[in-house]
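The values are calculated or read from the model by the stated rules, or taken from the named source; none is laboratory data. Being a predicted model, the structure only gives us computed values, none of them experimental. For neighbour counting, all protein chains shown are included, and Cβ atoms are generated from backbone atoms with ideal geometry for every residue, glycine included. The accessibility values were calculated without ligands, DNA or RNA, using every heavy atom of the protein model including side chains. Shrake-Rupley method; radii C 1.70, N 1.55, O 1.52, S 1.80 Å.
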Amino acid sequence: MIYQFCIFDRGGMVLWMGKFEQLTKVSGSPMDLLVRSVLLEDRAGATNFACRDYLMEWKFANEYGLIFAVLYSRIYKAHYAGQLLENVKTEFLSQYGETIKGGNYDKLDLSPFSSTFRIIWKRVEAASNAKPQEATPVEQRKVVKPITETPVLAKPIGRTDQAQPVIEKKEQPFSFGNDAPTAPDAQAPRASQKMTKDDLLKKIMARKNKGKSNEPQSAAPEAPVKREKTKRLPSENKSITKAAMGALDHSTGGAEDEEEQQVERVRQQFMEAPASDYDLIPADESELNDDTVAEVQDDSKVMSFFKGLAGIKELTKEDLAPALQKLQDQLVGKNVAVNIAEQLCNSVGASLEGIKPGSFSSVSRLVRSAMTDALTRLLTPKQSIDILSQAKSVKKNEKRPFVVVFCGVNGVGKSTSLAKVCFYLQQQGLVVHLAACDTFRSGAVEQLRTHARCLKAELHEQGYNKDAASVAKYAITTAAKSNADVVLIDTAGRMQDNEPLMRSLAKLISVNSPDRIFFVGEALVGNDAVDQLTKFDSAISTLAPPQSVPRHVDGIILTKFDTIDDKVGAAVSMVYATGQPIVFVGVGQTYMDLRKVNSKALVNALLK
Amino acid sequence: MDLSTSGFALLALVAVIVLLLIYIAAGSGKSKRNAILIVGRSGTGENKSVGKTALLKQLKNSEQPKYGLLPSLVVNSAEITVNGKPVRVMDVPGMVPSLLEDLLDRAKGIIFMVDSSEIRDHARRDAEILHDVLTQGSIMKEKIPMLIFCNKSDLIASSSPDVSLGIRDLRREGCGDAVKTYLERELQLIRSSAVNAVETAGGTKQKQKEFLGFEEEVFRFEHVPNKLTFASGSVIKGNIDPVQKFMAETTA
Ligand SMILES: Nc1nc2c(ncn2[C@@H]2O[C@H](COP(=O)(O)OP(=O)(O)OP(=O)(O)O)[C@@H](O)[C@H]2O)c(=O)[nH]1
Ligand SMILES: [Mg+2]
């Protein structure tokens, strides 16, 4: 069942739209969402997009700057949607293509196209109904191969490398904020989303780490694994990467003076040691600057005139493939997760297919420039990452402290990052309180206490084996009473697959509704980064107690950024996986070693 | 050589020369301020954008696209005739903030749009973008004039008085004043944290940001050296006189 069909340009103007059924239960427009979360974020390498009970498919006509999109019911699936898109595109372009290339089509009256559309639709639908398979419910349907000249669009579950004529190569369906299109159970959307995401990730893991263990290990190989510390929770991996942190563990039950020594040692290490002079050296920026020119949807006819004159042929998938493959390898070489590098390249490929390259630009230049744009778009935060003014604003307008939860797997540097953020906020004159909600790992509370003493920040703690959510609750209430500006909450490190622990994190978040949830991850991790982050992100919303407001990770802190040279790919993987920005990177051992990242410098490092 | 090939050769020669001219013009255009930019935030799926593309289409065609608008992925650009002179107007997509930085160098005037019916909920985001616009490049140094256009006045007029305090405020105070107050409040917070922001890795080549206003005083728009105009209107209702006036002043 088709709800809507839409033809629009990249500038955002809808040229023609048909609405055929009343949409229900959709806040905002699904087409709007498609643009924002698929086309903009370069997920266009996927083939469809789910939004509540609807599925969307789309097709580019890059040479005309147009996008064709169709919205249909997930339950009464329009299997012919791909064919419909193809046929409508062909017909539309043959009628109006020339005018549209001319540039001035704003006032073109396209209402007559409505009847043309109906004819095409009926024809494609009839052809598809002629096949018995169509009656089968979505879940049981097998992959249907295209037979006649109007092939049925089958949506394979999973990957197929088989080339299909007319229809683009089908990738894993992409879903955003809702359950995946192939999920059979519409009643439990979040759960089924998780399932398909997991499936996807498993598949990727299996493909990439054939020999390796299936259980993702986040700790760096050289990190010492302290098994003897696991008495409180045997299943937890207790790796601590920093020697200093390791030293702190021993302070458990130490005498007063020993603790003093600890504070002194940490002070020396974090405050008095010279701060890192780390910088990510940007390559020559001149190449980046002329890219905006290509982004302008100009109404001048000059360019198309010359392109037409030059008689250059349109780029095909095959033309683009070698350059894209090279670029993909390069991204993977920079530590971008393999599947994400692939998706990015697919998306960039999709946006270039059908374009006539200017006479002076080679395919590889074109591909690189499009990738530069895509990565810059991706890595430039769409919302502010300025927590300082946000904290001040909350305090001023709502008269309560700004609350930030730090979460992540073990040993990535959560507490250190928290201390750095604390230091930064204190430098700006804010009163920061810390809450020790890692009530699992022995030594964790002491570690935070030592930081708190160095930083002269108030610490709220209740020892071990307490319910982390209520420790946090108490800390926030007390901090509010003493007029604190910010409360930073340290949580226990946990592996993303440890469900009970993830559930308790979800509870902590839903009970305390923090203003920000920061995920702390290592810049060193490659493919695993995505797994960690997506599982944390989905756990926070799916495992939360019923009736709580669904939350997501809303910022990323990357640690050990100084150790990765130009292999900054984890930044791309993590931002792509959640759409959330890198708020800070840690670039050294001292409290001063906290930085923001410049997206252009990142892009340069990735593509140089 | 017959006539058609020589004709073609001539055409090709002309083409090359014209291309060269365009190339030179584009090259020197980096430093040339020849466009009016329309800037403002995008929506988030639930709520709508401020209406930049709608404004550009209105300027260009004196009507709205029949089938409506979606979020923009690229810059929309059009040549608008003001007092018989052509002016390039560019609508910068709110979803692609990375485009703004480079385009600011081409601005000879800026139309900053806000949605006055939702200013209360979005003042922060609006102010962040405004802060970026004012402090990046040389917008303040060169005193580039700016119109702060409070769009969607139609929605305010039609809402019942008790809907929310914000809307009542707006009606009593007039859009401009209320918007001004909201933005000033947020800009005060943003600018103080902008100076104190942590360093940026790889930011050595980043353009130097200016400080907005005077350090010792609470921020007021009067402290900005540029000519700032506040005005309200409704693109949908075709009420964009302040925009036309601004464009005429800027191109004169
Ligand atoms: N009620 C009302 N709606 C308006 C007005 N101006 C624009 N809109 C609507 O606001 C929505 C968003 O407008 P756009 O022009 O697409 O927004 P934009 O600022 O270009 O957004 P981005 O391209 O995402 O940055 C559209 O549905 C417009 O029809 C107005 O004056 N009143
Ligand atoms: Mg727009």
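Between A:ALA130 and A:LEU23, how many nm apart are label points set 7 Å from Cα along the C-beta direction?
Label-label distance for A:ALA130 and A:LEU23, simple model: 3.3 nm.
Whose amide H sits under 5 Å from the amide H of A:CYS437, counting only residues 5 or more places off or on another chain, with H placed in the peptide plane?
A:ASP490
Please give the net charge around B:PHE221, taking every other residue with its beta carbon less than 10 angstrom from that of B:PHE221, where Lys and Arg add +1 and Asp and Glu add -1. Present the calculation step by step, with values, prior to reporting the outcome.
Working: positive: B:LYS180, B:ARG220; negative: B:GLU184, B:GLU222.
That sum, taken over residues with Cβ under 10 Å, equals 0.
Rank-order B:48-56, A:98-106 by packing density, defined as the average count of other C-beta atoms within 10 Å over each peptide's residues, highest first. Provide the component values of the computation, followed by the final result.
Values: B:48-56: 25.0, A:98-106: 15.7.
Descending packing order for the listed peptides: B:48-56, A:98-106.
Between A:ASN104 and A:GLU259, what is the label-to-label distance in nm when each label sits 7 Å out along the Cα-to-Cβ direction?
8.0 nm
Give the average, rounded to an integer, of partner chain Cβ atoms located within 10 angstrom of each Cβ in B:102-114. Let's see the in-between values first.
Numbers: counts 7, 3, 0, 1, 1, 0, 0, 0, 0, 0, 0, 0, 0.
Across B:102-114, the average partner-chain Cβ count within 10 Å equals 1.
If r is the Cβ-Cβ distance from A:ARG118 to A:ARG365 and R0 is 45 Å, what FRET efficiency results, to the nearest 0.05? Working shown, then result.
Details: r = 43 Å, r/R0 = 0.96.
For R0 = 45 Å, the calculated efficiency reads 0.55.
Would you please state which residues of region A:474-518 a label at A:GLN427 would reach in this model, taking the label point 7 Å out along Cα→Cβ and a backbone N cut-off of under 20 Å?
A:485-489
Sum up the charges of everything whose Cβ sits under 11 Å from the Cβ of A:ILE582, counting Lys and Arg as +1 and Asp and Glu as -1, but leave A:ILE582 out. Present the calculation step by step, with values, prior to reporting the outcome.
On the way: positive: A:ARG595, A:LYS596; negative: none.
Surrounding charge for A:ILE582 is +2.
Evaluate peptide A:597-604: per residue, the Cβ atoms of other protein chains within 10 Å of its Cβ; return the mean as an integer. Intermediate results must be reported in sequence, preceding the final value.
Details: counts 4, 7, 4, 6, 7, 2, 2, 2.
Shielding by partners across A:597-604 averages 4.
With r as the distance between the Cβ atoms of B:ARG33 and B:ASN61 and R0 = 25 Å, compute the FRET efficiency 1/(1 + (r/R0)^6) and round to 0.05.
Numbers: r = 26 Å, r/R0 = 1.03.
Given R0 = 25 Å and the Cβ-Cβ separation, E is 0.45.
Could you give me the ³J(HN,Hα) list for region A:361-369, computed from phi with Karplus coefficients 6.51, -1.76, 1.60 and θ = phi - 60°, whole Hz, x at Gly and Pro?
Taking θ as phi minus 60°, the curve returns 10, 7, 4, 5, 5, 4, 5, 5, 5 Hz for region A:361-369.
R0 = 51 Å: FRET efficiency of A:ASN465 with B:VAL218, Cβ-based, nearest 0.05?
Details: r = 49 Å, r/R0 = 0.96.
The computed FRET efficiency comes out at 0.55.
Starting with the highest mean, order B:123-136, A:112-125 by the number of other Cβ atoms within 10 Å, averaged over the residues of each peptide.
Details: B:123-136: 22.0, A:112-125: 15.2.
Ranking, from highest mean packing down: B:123-136, A:112-125.
Arranged from highest to lowest average of other beta-carbon atoms within 10 Å per residue, in what order do the peptides A:79-91, A:568-580, A:546-558 appear? Working shown, then result.
Working: A:79-91: 21.8, A:568-580: 24.8, A:546-558: 17.3.
Highest-to-lowest ranking by the protection proxy: A:568-580, A:79-91, A:546-558.
With only Lys, Arg, Asp and Glu charged, each at its Cβ (+1 for the first two, -1 for the last two), find how big the charge dipole of region A:387-607 is about the Cα centre; round to the nearest 20 debye.
On the way: 25 positive and 20 negative charges, 152 e Å.
Roughly 740 debye, rounded to the nearest 20.
Plugging the Kirkwood radius over Cα pairs into Stokes-Einstein for region B:22-147, at a temperature of 4 °C and a viscosity of 1.567 mPa s, what D comes out in µm²/s?
Working: Rh = 15.3 Å.
It diffuses with D of about 85 µm²/s by this estimate.
Any chance you could check the Cα centroid distance between region A:562-605 and region A:35-94 for me, in angstrom?
34 Å
Probe radius 1.4 Å, ligands and nucleic acids left out: which of A:GLU260, B:GLU46 has the largest accessible area, and how do the rest follow?
Values: A:GLU260 85, B:GLU46 130 Å².
The ordering from most to least exposed comes out as B:GLU46, A:GLU260.
Just by accessible area at a 1.4 angstrom probe, what is the order of B:LEU70, A:LEU23 from largest to smallest? Please report the intermediate quantities before stating the final value.
On the way: B:LEU70 20, A:LEU23 50 Å².
The ordering from most to least exposed comes out as A:LEU23, B:LEU70.
Show the residues, 5+ positions off or on another chain, whose built amide H is closer than 5 Å to the amide H of A:SER548.
Amide H neighbours of A:SER548: none.
So, in Å, what gap is there between the alpha-carbon centers of region A:455-509 and region A:362-406?
A separation of 25 Å, based on Cα centres.
Say each of A:GLU499 and B:ALA252 gets a label point 7 Å from the Cα, pointing the same way as Cα to Cβ; how far apart are those two points in nm?
Roughly 7.2 nm, to one decimal.
Run the numbers for A:LYS456 and A:GLN547: contour at 0.36 nm per residue of separation, minus the present Cα-Cα distance, in nm. Write down the numbers at each step before the final one.
Details: separation 91, 0.36 × 91 = 32.76 nm, distance 3.85 nm.
So the extension gain works out to 28.9 nm.
Once the mean 1/r over all distinct Cα pairs of region A:387-607 is inverted, what Kirkwood radius in angstroms do you read off?
Details: mean 1/r = 0.0577 Å⁻¹.
One decimal place: 17.3 Å for the Kirkwood radius.
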